[in-house]
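Engineer: Questions regarding the structure given below will be posed in turn.
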Amino acid sequence: MGGQGVIRATQILADAALLDKHSVRTAETHGMAQRGGSVTGYLRFGSEVMGPLIPKGGANIIMSFEPSEAIRAIPYANADTIMFVNIKPIIPLSVYQNKKIVYPSFEEMQTNLKKVTQKVLFIDAAELAIKAGSIKAANVIMLGVMLGSGALPLSRENLEKAIMDGVPAKALDINKKAFDLGIAKGEELKEKI
């Protein structure tokens with residue numbers, strides 16, 4: 001959702017992949033982001049990458065900062081996709097304005113995600129970010145979780161460098177704490193993937 005740091009997180013991952021000497025391609029969609037709309041960042045990296053967009057059913061990892069956005073990403077997943085899902089919902093304004101629109105229950109979302117892949121990890125990134133010092137660091141929590149879980153094939157030193165280079169100077173300490181808390185949480189979740 002707009003304002004959660006999706007584009008920043010995508011750029012941080014791209015910078016870390018470049019530091020690790022990968023070929024990198026990124027793209028994003030953020031049409032109505034300022035009005036609470038969906039934001040998607042695409043990142044592909046490896047030895048040879050032709051384009052930024054992920055083919056349907058072709059994602060290795062999906063990181064979602066909001067649970068219903070993970071549902072929106074299902075077409076990109078397959079049985080081997082690892083999904084990292086922040087459990088804190090952001091109810092769209094349309095749900096409050098139109099009584100016919102129902103935001104799905106967390107249990108319903110869990111069930112639907114697990115129909116696609118059993119490798120779904122749910123993280124309370126908001127709680128950990130607040131512990132680090134700011135809810136705005138939830139995206140860095142998620143980056144740390146992915147790295148700590150062993151799912152993200154990037155070096156810790158280059159991901160940390162990309163984070164420190166990619167966040168405002170006044171937020172360095174908070175983001176360092178967030179990254180460390182995320183890594184610790186990811187290490188706890190390693191066995192689930």
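Engineer: Classify the chain as rounded, prolate or oblate, taking a ≥ b ≥ c as the square roots of the eigenvalues of its Cα gyration tensor: rounded when a/c is under 1.5, otherwise prolate if a/b is larger than b/c and oblate if not.
Structural biologist: rounded
Engineer: Also: Could you tell me the center-to-center distance, by alpha carbons, between the stretch 95-119 and the stretch 48-64 in angstrom?
Structural biologist: A separation of 23 Å, based on Cα centres.
Engineer: While we're looking at this one, here's another question. So, with +1 on the Cβ of K and R and -1 on the Cβ of D and E, and no other charges, what is the size of the charge dipole of the chain about its Cα centre, to the nearest 20 debye?
Structural biologist: Here the size comes out at about 440 debye.
Engineer: OK, next. Which whole-number value in Å² is the accessible area per residue of the chain, probe 1.4 Å?
Structural biologist: 54 Å²
Engineer: Compute the orientation-averaged projected area for the stretch 49-133 from the convex hull of its Cα atoms and round it to one decimal in nm².
Structural biologist: 7.4 nm²
Engineer: Provide the per-residue ³J(HN,Hα) series for the stretch 18-25, in order, calculated from phi with Karplus coefficients 6.51, -1.76, 1.60 and θ = phi - 60°, each as a whole number of Hz, with x at glycine and proline positions.
Structural biologist: For the stretch 18-25, the Karplus curve yields 5, 4, 7, 6, 8, 6, 10, 9 Hz.
Engineer: If you don't mind, there's one more thing I want to ask. Mind scanning LYS88/LYS185; LYS119/LYS190; LYS119/LYS177 and naming the pairs with a C-alpha gap bigger than 19 Å?
Structural biologist: Check vs 19 Å cut-off fails for LYS119/LYS177.
Engineer: In addition: What whole number of Å gives the distance from the Cα centroid of the stretch 129-157 to the Cα centroid of the stretch 171-193?
Structural biologist: If we compute the Cα centre of each part, the gap is 5 Å.
Engineer: Next up: Between VAL120 and residues 5 or more places away or on another chain, which pairs have amide H atoms under 5 Å apart, with H built 1.01 Å from N, and which residues are they?
Structural biologist: Under 5 Å from the amide H of VAL120 lie the amide H atoms of MET83, each far enough along the sequence or on another chain.
Engineer: Oh, and also: When only Cα pairs under 8 Å and 6 or more residues apart are kept, what is the percent relative contact order across the stretch 103-189?
Structural biologist: 35 percent
Engineer: Would you mind telling me the share, in percent, of accessible area of the chain contributed by carbon and sulfur at probe 1.4 angstrom?
Structural biologist: The nonpolar share, carbon plus sulfur, comes to 53 percent.
Engineer: Next up: Identify which of ALA151, ALA17, ALA178 has the largest mean-square fluctuation in a Gaussian network model of the chain, with springs joining Cα atoms closer than 10 Å.
Structural biologist: Checking each option, the largest mean-square fluctuation is seen for ALA151.
Engineer: For Cα pairs less than 8 Å apart in space and 6+ apart in sequence, what is the mean separation divided by the residue count of the chain, i.e. the relative contact order in percent?
Structural biologist: Details: 362 pairs, mean separation 39.1, N = 193.
With pairs under 8 Å counted, the relative contact order is 20 percent.
The values are calculated or read from the model by the stated rules, or taken from the named source; none is laboratory data. What you are looking at is a predicted structure, and each value in this text was computed from that prediction instead of being measured. For neighbour counting, all protein chains shown are included, and Cβ atoms are generated from backbone atoms with ideal geometry for every residue, glycine included. Ligands, DNA and RNA are stripped out before the accessible areas are found, and what is left, the full protein with its side chains, is counted by its heavy atoms. Shrake-Rupley method; radii C 1.70, N 1.55, O 1.52, S 1.80 Å.
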